[in-house]
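All remarks here apply to the structure that follows.
Laboratory data are not the source of any read-out in this text; all were calculated from the coordinates shown. Given the structure is predicted, the values throughout are model-derived calculations rather than measurements. Cβ placement follows ideal geometry from the backbone for every residue including glycine, while neighbour counts extend to all protein chains displayed.
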């Protein structure tokens, strides 16, 4: 979600900079709910600040994820036919219940 917001802000910043270059005036817009109740703000400065805030949050999230030990492994498995995929899913479903019951027995 933050990546989408970052991309949206980046596009608006690029547009505002293009308007500034073409018209030689800094574009403005009204921030806030529907742009009704706030005074106009400089679009380039507004979107630069917003982009920096979003990137700061994303960097914090990346650092916390890198430090996190709760990351789980992942794999991509491709089967030649649907029957093999069904068999494998049933085996893993059954093995998952065995592992869960085993780990519950240990914790008691």
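The figures follow:
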{"read-out": "Sorted by Cβ density within 10 Å, fewest first, the residues 80, 51", "value": "80, 51"}
{"read-out": "Rule-of-thumb Rg ratio for region 10-73 [Cα; 2.2 N^0.38 Å; N residues]", "value": "1.60"}
{"read-out": "Where a label projected 7 Å from the Cα of residue 55 along Cα→Cβ would reach, residues of region 4-43 with amide N under 16 Å", "value": "4-15, 17"}
